[in-house]
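Report on the following structure.
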Amino acid sequence: MSARFVDGYLGYLLGQANHALYKDFDSQVRAAGLSMIEWRVLATLHDSPPLTVSQLAQEVLSKQPTVTKLVQRMADQDWLDLLADPMDQRRTLVTVGAAGRKLVRPLLEKARTHEAQMLRTLEVSEQAALKKLLAKLAGIAS
């Protein structure tokens, strides 16, 4: 019997790898009181310069209207700070606030540990190659 199409299809493999990576980590995110999208927002912003809402939406793989509402809710909880863009007063820049930084910091360490556990079957060179190839495929400069 031949291999199934999906067993060699990149989209399927990436989806399965993503699911495997997040299925166990999701419980740690929820235990910290965050949804996965809130985690992605805080993880993205924790060491990033301020981003516009549209840039943030692109980075966290969500639609701009969803992220706009989420950002406001997270700002109301003091997890995020909203700043006027000095280059364009019509735009708002988003950055992580002190409360958000305190919330996300322990999760970043847990994420690193979880990732290392997930990648343990790969050689260090394979891990680096995998990340480099995925970044290249995604169009992210590395």
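The values are calculated or read from the model by the stated rules, or taken from the named source; none is laboratory data. Bear in mind the structure is a predicted one, so any value in this text is a computation, not a measurement. Backbone-built Cβ (ideal geometry, glycine too); neighbour counts: all protein chains shown. These accessible areas exclude ligands, DNA and RNA; they are computed on the full protein's heavy atoms, side chains included. Shrake-Rupley method; radii C 1.70, N 1.55, O 1.52, S 1.80 Å.
I'd like the residue in region 101-118 that is surrounded by 14 or more Cβ atoms within 10 Å (Cβ to Cβ) and of a type in the set (A, V, I, L, M) and, out of all such residues, is farthest from the chain's Cα centre (by Cα).
Of everything passing the filter in region 101-118, M118 is farthest from the chain's Cα centre (by Cα).
Restricting to region 53-72, and then to whatever is within 16 Å of the chain's Cα centre (by Cα) and either over 12 Å from V41 (Cα atoms) or of a type outside the set (A, V, I, L, M, F, W, C) (or both), can you tell me which residue is surrounded by the fewest Cβ atoms within 10 Å (Cβ to Cβ)?
My answer is K63.
Would you confirm whether any residue within region 15-27 is surrounded by 12 or more Cβ atoms within 10 Å (Cβ to Cβ), in a helix (DSSP H, G or I) and basic (K, R)?
No.
Name the residue, out of A75, A129, A138, A98, that is surrounded by 11 or more Cβ atoms within 10 Å (Cβ to Cβ), out of contact with any strand residue (DSSP E or B) (no Cβ under 6 Å at 6 or more places or on another chain) and on the phi < 0 side of the Ramachandran plot.
Criteria check complete, one pass: A129.
Could you tell me whether region 22-31 includes any residue that is in contact with a Phe, Trp or Tyr (Cβ under 7 Å, 6 or more places away or on another chain), more than 22 Å from L134 (Cα to Cα) and at pLDDT 95 or above?
yes
Here are the criteria: (1) of a type in the set (S, T, N, Q); (2) part of a helix (DSSP H, G or I); (3) open to solvent by 60 Å² or more (accessible area, probe 1.4 Å). Tell me which single one T121 does not satisfy.
Here T121 meets the rest and fails (2).
So, L34, is that one modelled with pLDDT of 95 or more, outside any loop (DSSP other than H, G, I, E, B) and either open to solvent by less than 40 Å² (accessible area, probe 1.4 Å) or in contact with a Cys (Cβ under 8 Å, 6 or more places away or on another chain) (or both) or not?
no
So which residues in region 91-123 are more than 22 Å from R30 (Cα to Cα) and of a type outside the set (V, I, T)?
R91, L93, L119, R120, L122, E123
Can you find even one residue in region 74-88 that is more than 28 Å from T113 (Cβ to Cβ), part of a helix (DSSP H, G or I) and at pLDDT 95 or above?
Yes; the residues of region 74-88 include at least one that is more than 28 Å from T113 (Cβ to Cβ), part of a helix (DSSP H, G or I) and at pLDDT 95 or above.
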